[in-house]
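*Asks:* Structure incoming, see below.
The values are calculated or read from the model by the stated rules, or taken from the named source; none is laboratory data. Note that the coordinates shown come from a computational prediction; the quantities given were computed from them, not determined experimentally. Glycine also receives a Cβ, built like all others from the backbone with ideal geometry; neighbour counts cover every protein chain displayed. What goes into the accessible areas is simple: the full protein's heavy atoms, side chains included, and nothing from ligands, DNA or RNA. Shrake-Rupley method; radii C 1.70, N 1.55, O 1.52, S 1.80 Å.
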Amino acid sequence: MAQQLIGFIGAGNMANSLAGGMIAKGIRPARIWMSDPSQDRLDEVAQLHRVHVSRDNLDVARRVDVLVLAVKPQVMGDACAALREIIEERQPLIISIAAGVTVDNLRNWLGEAPIVRCMPNTPSLVQAGATGLYAAPDVSAEQKEMAGQILSAVGLTFWFETEGELDAVTAVSGSGPAYFFLLMEALIDAARAQGLSATTARQLVLQTAWGASQLAITSEDGPDVLRQRVTSPGGTTAAALQVFEEAGLREQVQAAVAAARERSEQLSG
């Protein structure tokens with residue numbers, strides 16, 4: 001990213017994770033600016049990452065080449081409107097990580113500017129995220145590369161040709177961690193119902209989830225093959241999977257993801 005300065009409007013968990021990830025990948029803290037209305041949060045960020053901090057959004061926007069909008073969607077309009085004049089004058093690359101806030105929304109508030117919209121997920125907080133990105137047509141190849149480098153600091157990145165595809169990303173990877181957490185909850189409850197202690201049940205389930213994920217990530221075979229390998233005919237795993245299949249688990253997952261996408265489209269509209 002050459003020596004571009006990177007600013008964050010909002011110093012919450014996701015911004016904090018992005019800053020930490022970039023620094024871990026070799027970007028000097030002196031190139032990062034963060035603003036937030038909470039002085040306590042800024043003091044915490046400054047101590048943790050040694051980045052520049054300010055309570056003035058305009059102060060940050062005047063200094064940087066890339067501006068990451070990391071505020072809640074419900075306050076994004078007000079935050080952007082206050083930045084409009086300086087954005088139109090300086091034309092920094094705008095990166096939005098707010099769910100449901102479209103490029104058109106941002107242009108209505110900010111005026112004309114190069115915009116990349118991103119859909120990260122919560123595992124980004126531990127540098128294990130999956131982020132979908134969409135660049136408006138006026139974003140240059142160099143700017144796309146900068147956006148990709150920033151978001152790749154917290155995990156894998158995937159570029160999409162149309163903004164509407166981010167609704168599918170939201171339904172799969174944005175909401176996806178909650179699907180796995182729900183399965184973990186259910187397995188922990190099932191383990192306790194079989195007589196295991198709460199502590200043992202939790203540790204067994206979380207380690208099994210982590211191990212299965214690592215095996216799937218590192219294996220050349222897909223999850224379908226890995227599932228077949230652990231499922232002996234007539235065995236315990238086969239008995240359990242038969243219950244899932246008879247309950248229509250696959251169809252329920254399809255319906256759940258479709259519902260999440262529909263809601264994402266409604267929020268974006």
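*Asks:* Checking Tyr179 against (1) touching a helix residue (DSSP H, G or I) at 6+ places or on another chain (Cβ under 8 Å); (2) free of Cβ contacts under 8 Å to residues at least 40 places away in the same chain; (3) surrounded by 11 or more Cβ atoms within 10 Å (Cβ to Cβ); (4) not aliphatic (A, V, I, L, M), which test does it fail?
*Replies:* Among (1) touching a helix residue (DSSP H, G or I) at 6+ places or on another chain (Cβ under 8 Å); (2) free of Cβ contacts under 8 Å to residues at least 40 places away in the same chain; (3) surrounded by 11 or more Cβ atoms within 10 Å (Cβ to Cβ); (4) not aliphatic (A, V, I, L, M), Tyr179 violates only (2).
*Asks:* If a residue has to be closer than 14 Å to Ala79 by Cα and open to solvent by less than 10 Å² (accessible area, probe 1.4 Å) to count, how many in the range 96-116 make the cut?
*Replies:* Going through the range 96-116 one residue at a time, the tally reaches 6.
*Asks:* Same structure, new question: Which residue out of Val60, Val53 is outside any helix (DSSP H, G or I) and either closer than 23 Å to Ala130 by Cβ or in contact (Cβ under 8 Å) with a residue 12 or more places away in the chain (or both)?
*Replies:* On the way: Val60 fails: outside any helix (DSSP H, G or I).
None of the others qualify; the one that does is Val53.
*Asks:* Now a separate question. Would you confirm whether or not the range 117-124 contains a residue that is in a helix (DSSP H, G or I), modelled with pLDDT under 95 and open to solvent by 10 Å² or more (accessible area, probe 1.4 Å)? Can you show your working first?
*Replies:* Of the range 117-124, the ones in a helix (DSSP H, G or I) are 122-124.
Those still in the list that are modelled with pLDDT under 95 too: 122-124.
Checking the rest, the ones that are also open to solvent by 10 Å² or more (accessible area, probe 1.4 Å) come to 122-123.
Checking the range 117-124: at least one residue is in a helix (DSSP H, G or I), modelled with pLDDT under 95 and open to solvent by 10 Å² or more (accessible area, probe 1.4 Å).
*Asks:* Here is a follow-up. Would you be able to tell me the number of residues in the range 182-210 that are surrounded by fewer than 12 Cβ atoms within 10 Å (Cβ to Cβ) and either within 30 Å of Gly148 (Cβ to Cβ) or in contact with a strand residue (DSSP E or B) (Cβ under 7 Å, 6 or more places away or on another chain) (or both)?
*Replies:* Counting residues in the range 182-210 that are surrounded by fewer than 12 Cβ atoms within 10 Å (Cβ to Cβ) and either within 30 Å of Gly148 (Cβ to Cβ) or in contact with a strand residue (DSSP E or B) (Cβ under 7 Å, 6 or more places away or on another chain) (or both) gives 1.
*Asks:* (1) under 17 Å from the mean Cα position of the chain (by Cα); (2) free of Cβ contacts under 8 Å to residues at least 40 places away in the same chain; (3) surrounded by fewer than 22 Cβ atoms within 10 Å (Cβ to Cβ): which one isn't true of Ala82, the others all being true?
*Replies:* (1) is the only condition that Ala82 fails.
*Asks:* Considering only the range 222-232, I want to know if a residue exists there that is without any contact (Cβ under 8 Å) to a residue 24 or more places away in the chain, closer than 30 Å to Gly164 by Cα and assigned to a helix (DSSP H, G or I).
*Replies:* Taking the range 222-232 as the starting set, the residues that turn out to be without any contact (Cβ under 8 Å) to a residue 24 or more places away in the chain are 222-232.
Filter once more, keeping what is closer than 30 Å to Gly164 by Cα: 222-224.
Still in the running and assigned to a helix (DSSP H, G or I): 223-224.
Looking for residues that are without any contact (Cβ under 8 Å) to a residue 24 or more places away in the chain, closer than 30 Å to Gly164 by Cα and assigned to a helix (DSSP H, G or I), one finds at least one in the range 222-232, hence yes.
*Asks:* Would you confirm whether any residue within the range 216-223 is β-branched (Val, Ile, Thr) and at pLDDT 95 or above?
*Replies:* From the range 216-223, those β-branched (Val, Ile, Thr) are 217-218; that's our starting set.
Filter again for at pLDDT 95 or above, leaving 217-218.
Yes, the range 216-223 contains a residue that is β-branched (Val, Ile, Thr) and at pLDDT 95 or above.
*Asks:* So, one more: Would you mind telling me which numbered condition in (1) in contact with a Lys or Arg (Cβ under 9 Å, 6 or more places away or on another chain); (2) open to solvent by less than 50 Å² (accessible area, probe 1.4 Å); (3) part of a helix (DSSP H, G or I) Met76 fails?
*Replies:* The one condition Met76 does not meet is (1).
*Asks:* Turning to a different aspect of this structure: Tell me yes or no: at least one residue of the range 48-59 is of a type outside the set (S, T, N, Q), under 21 Å from the mean Cα position of the chain (by Cα) and surrounded by 21 or more Cβ atoms within 10 Å (Cβ to Cβ).
*Replies:* Within the range 48-59 (the criterion being of a type outside the set (S, T, N, Q), under 21 Å from the mean Cα position of the chain (by Cα) and surrounded by 21 or more Cβ atoms within 10 Å (Cβ to Cβ)), the answer is no, since none of the residues qualifies.
*Asks:* Mind checking whether some residue in the range 241-264 is of a type in the set (Asp, Glu), part of a helix (DSSP H, G or I) and within 30 Å of Val101 (Cβ to Cβ)? Explain how you work it out, then say what you get.
*Replies:* Filtering the range 241-264 down to residues of a type in the set (Asp, Glu) leaves 245-246, 251, 262.
Then drop every residue that is not part of a helix (DSSP H, G or I), which leaves 245-246, 251, 262.
Of the ones still in play, those that are also within 30 Å of Val101 (Cβ to Cβ) are 262.
So far as the range 241-264 goes, yes, one or more of its residues are of a type in the set (Asp, Glu), part of a helix (DSSP H, G or I) and within 30 Å of Val101 (Cβ to Cβ).
*Asks:* Step by step: first the residues of the range 126-176, then only those that are touching a Pro at 6+ places or on another chain (Cβ under 6 Å) and not polar (S, T, N, Q), then the one that is surrounded by the most Cβ atoms within 10 Å (Cβ to Cβ). Which residue is that? Even if it seems obvious, please write down each step before you answer.
*Replies:* Of all residues in the range 126-176, those touching a Pro at 6+ places or on another chain (Cβ under 6 Å) come to 129, 131, 138-139, 143.
Filter once more, keeping what is not polar (S, T, N, Q): 129, 138-139.
Numbers: Gly129: 24, Asp138: 10, Val139: 20.
Once the filter is applied, the top-ranked residue is Gly129.
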